[in-house]
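Reviewing the structure listed below.
The values are calculated or read from the model by the stated rules, or taken from the named source; none is laboratory data. Note that the structure is predicted; figures quoted are calculated from it, not measured. No Cβ is skipped: glycine too gets one built from the backbone with ideal geometry, and neighbour counts run over all protein chains shown.
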Amino acid sequence: MARSVKIACLQTRPVPSITKAIVEARELATNAIDRGAEFLFLPEYCGGLKSSSSMFSPPCETEKNHEFLQFACDMAKSQNIWMMVGSIAITGFDNKYYNRGYIVDNNGEIYSKYSKIHLFDITLDEKTSYEESATVIGGSNAAVSSTPHGKIGHTICYDLRFPQLYRSLALEGAEILAVPAAFTKRTGEAHWHILNRARAIENGAYVVAPCAIGSVEGGGAAYGHSLIVDPWGSIIADGGEDRGIIVADIDLDRVAEARARIPSLFNGKEFKINDEKIRVTA
């Protein structure tokens, strides 16, 4: 019997307040549930996002008091679904916050959580740079969650550029690699599809990558193109450049099939790199 589940990515807009973020997510979540989705995946900073110069400045609350997280818990319980809150800003220390994502179960309880490990510190050119580490406390623990809908490895946005994280999650049994993101339009156009397909192919896993779409108050824009990629690297669904949802039935048995056909996940070899100078003679 196939291990199938109907999933949905919500391609929300980055809005500046928690209240607006709840309104934004509620409508799309309702549409996805009406289409039979059992597990909803939301983007990075789905609880609100603004920017200031090179830094992100999302609305921030403690975990206990975060209204968006409470909204997700209430909806999951009332609709008997599972939800991944891609990430929200959770109060930390030294005037910094955690970029933290959650899985919420169908009882409305927090099932697992993950704080983004790799922070978005880049310089694209003289005029465009980001320094997420100026305001965010990086995480240090990866997370694989065993759910009734498969084993899920939780990552966030810039993590996508670090394949060793995904290999570690896959080796721990992850069948779905979640990549909630607010990928920038410029980097998304160049790399988004390639990176997500590569992580799926390398690990023989589904990649579920909900990405925000549209302009960010204060500067910048999110790329959209939320993706569901199968373990062979084929794109099942692409959210394009409009606010909305993508819905797909995924068969988790295809993970084992892909890994059996090309068992690179299990055939890796340890090796050393020789630090030797090569003498070139004319």
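Some points to look at:
- For the range 218-234, a tally of residues being modelled with pLDDT of 95 or more and either surrounded by 17 or more Cβ atoms within 10 Å (Cβ to Cβ) or in contact with a Leu (Cβ under 9 Å, 6 or more places away or on another chain) (or both) returns 10.
- Residue within the range 244-260 that is surrounded by fewer than 13 Cβ atoms within 10 Å (Cβ to Cβ), of a type in the set (A, V, I, L, M, F, W, C) and free of Cβ contacts under 8 Å to residues at least 60 places away in the same chain present: yes
- Residue that is farthest from residue 42 (Cα to Cα), among those in the range 97-127 that are of a type in the set (Asp, Glu) and either modelled with pLDDT of 95 or more or in contact with a His (Cβ under 8 Å, 6 or more places away or on another chain) (or both): 109
Conditions tested, residue by residue: (1) surrounded by 20 or more Cβ atoms within 10 Å (Cβ to Cβ); (2) among the aromatic types (Phe, Trp, Tyr); (3) not in a loop (DSSP other than H, G, I, E, B).
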site: 88; (1), (2), (3): yes, no, yes
site: 98; (1), (2), (3): yes, yes, yes
site: 107; (1), (2), (3): no, no, no
site: 112; (1), (2), (3): no, no, yes
site: 117; (1), (2), (3): no, no, no
site: 122; (1), (2), (3): no, no, yes
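- Residues located in the range 193-214, provided they are assigned to a helix (DSSP H, G or I) and crowded, with 24+ Cβ neighbours inside 10 Å: 196, 199, 200, 203
- Leading residue by the ranking (surrounded by the most Cβ atoms within 10 Å (Cβ to Cβ)) among those in the range 69-86 that are part of a strand (DSSP E or B) and hydrophobic (A, V, I, L, M, F, W, C): 84
- Considering residues of the range 124-161 that are under 14 Å from the mean Cα position of the chain (by Cα) and of a type in the set (D, E, K, R) only, the residue surrounded by the most Cβ atoms within 10 Å (Cβ to Cβ): 159
- Selection over the range 154-175 of residues that are in contact (Cβ under 8 Å) with a residue 60 or more places away in the chain, within 16 Å of residue 206 (Cβ to Cβ) and touching a Ser or Thr at 6+ places or on another chain (Cβ under 9 Å) gives a count of 1.
- Subset of the range 172-184 that is buried (at least 18 other Cβ atoms within 10 Å of the Cβ) and not aliphatic (A, V, I, L, M) - its residue that is nearest to residue 155 (Cα to Cα): 180
Residue-wise test of (1) closer than 30 Å to residue 31 by Cβ; (2) at pLDDT below 95; (3) in a helix (DSSP H, G or I); (4) not charged (D, E, K, R).
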| site | (1), (2), (3), (4) |
| --- | --- |
| 160 | yes, no, yes, yes |
| 173 | no, no, no, yes |
| 177 | yes, no, no, yes |
| 236 | yes, no, no, yes |
| 254 | yes, no, yes, no |
| 260 | no, no, yes, yes |
| 265 | no, yes, no, yes |
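- Remark: residue 69 falls outside the filter, which requires a residue to be modelled with pLDDT of 95 or more, farther than 23 Å from residue 142 by Cβ and touching a strand residue (DSSP E or B) at 6+ places or on another chain (Cβ under 8 Å).
- Taken together, 114, 102, 97 contain a single residue that is in contact with a Leu (Cβ under 7 Å, 6 or more places away or on another chain) and of a type in the set (Ser, Thr, Tyr), which is 102.
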